[in-house]
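The values are calculated or read from the model by the stated rules, or taken from the named source; none is laboratory data. All figures in this text were calculated on a predicted structure; none of them were measured in a lab. Every residue, glycine among them, receives a Cβ derived from its backbone with ideal geometry; neighbour counts consider all protein chains shown. Calculation scope for accessible area: heavy atoms of the full protein, side chains included, ligands and nucleic acids excluded. Shrake-Rupley method; radii C 1.70, N 1.55, O 1.52, S 1.80 Å.
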Amino acid sequence: MPRDRLLTSIKQGRLVIGCAHMIRDEAVTETLRNVEVDFLLIDMQHMAIGIESLQRVLVALQPTDVAVLVRVPSNDPVVIGQVLDVGAAGIIVPMVNDSDDGKAAVAAALYPPQGIRSWGPRRVSSFHGDPMGYAKEANSSTVIIAQIETQEAVDNLDSILSVDGLSGLMIGPADLAISMGYMLDRDNEAVMSAIESFFSRCKERDMPCGIFTNNVERALHWIERGAAIVNCSSDATFVIEGYNRVARAIAEA
């Protein structure tokens, strides 16, 4: 896959769809090489997965046309550098609450002079034939997405939207609902209104934006309202749904 294909699609405002890859087994990962999604999400923030496990996932996915986005555990330049060095197409940085957080995420993902990323892409540079090939295109092809998931971030959205270098913003409805005092009630009217405002304000600033959803119905709901980067459910959920669908069909028969 051309390294910049996902970023080009995001910048052009095309809808990109992804699913979380949660099942940690290389045999399962290999079966996902030809799935018809734009990206697979690896969640290092909420899953028990470290850099070694991430590298095994990326090895198992080669060759593939599916990009891998990694939600890093925190806005840490060391971790962000490691994630990109092993071959992720980009990062999703959680808990970006203000413009300083956004600038820190961008700086961690880019080489100087635009950022502070340290040189050492021993694995990912091999995809490009030589280190110089990677060096020339890394900054222009890495996806950098800030996750908006608190009331503070919503209040500071205009300043976050002004951060140069962000590829897009994604909103996390579950954490947003908790931050607003509604626990996991992501369908609360106030939460829904905040999300709709998020999409509207991003559109006004021509910032690609998206959302994390847990089923197709929610995904379609927010796509109709402006979401262009959508993570929809996970392979673990699909396994559960598949088992239950078979069991119910047999029971009904």
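Points worth noting:
- Listing of strands (runs of 3 or more DSSP E) fully contained in the stretch 147-253 that carry 1 or more residues being closer than 17 Å to N97 by Cα: 168-171, 209-213
- In the stretch 150-188, residue least open to solvent (accessible area, probe 1.4 Å) [restricted to those that are among the acidic types (D, E) and closer than 18 Å to V106 by Cα]: D158
- For the stretch 205-219, a tally of residues being open to solvent by less than 10 Å² (accessible area, probe 1.4 Å) and either more than 17 Å from V143 (Cα to Cα) or of a type in the set (A, V, I, L, M) (or both) returns 2.
- Being surrounded by 12 or more Cβ atoms within 10 Å (Cβ to Cβ), charged (D, E, K, R) and under 17 Å from D175 (Cα atoms) is a property that R201 lacks.
- If you check V57, V28 for being buried (at least 18 other Cβ atoms within 10 Å of the Cβ) and either outside any strand (DSSP E or B) or at pLDDT below 95 (or both), only one passes: V57.
- Inclusion of V191 among residues that are touching a Ser or Thr at 6+ places or on another chain (Cβ under 9 Å) and either among the aliphatic types (A, V, I, L, M) or open to solvent by less than 20 Å² (accessible area, probe 1.4 Å) (or both) is not warranted.
- Tally, over the stretch 72-91, of residues that are over 18 Å from V124 (Cα atoms) and either part of a helix (DSSP H, G or I) or open to solvent by less than 30 Å² (accessible area, probe 1.4 Å) (or both): 0
- Residues in the stretch 228-253 that are of a type in the set (G, A, S) and touching a residue at least 60 places away in the same chain (Cβ under 8 Å): A228, S233, S234, A236.
- With respect to the conditions (1) touching a helix residue (DSSP H, G or I) at 6+ places or on another chain (Cβ under 8 Å); (2) among the hydrophobic types (A, V, I, L, M, F, W, C); (3) open to solvent by less than 10 Å² (accessible area, probe 1.4 Å), I145 falls short on a single one, namely (1).
- All of M22, M44 fail the test of being in contact (Cβ under 8 Å) with a residue 12 or more places away in the chain, open to solvent by less than 40 Å² (accessible area, probe 1.4 Å) and out of contact with any His (no Cβ under 7 Å at 6 or more places or on another chain), apart from M44.
- Residue within the stretch 230-249 that is among the aliphatic types (A, V, I, L, M), open to solvent by less than 30 Å² (accessible area, probe 1.4 Å) and at pLDDT 95 or above present: yes
- Of all residues making up the stretch 92-113, the number that are in a loop (DSSP other than H, G, I, E, B) and open to solvent by 10 Å² or more (accessible area, probe 1.4 Å): 7
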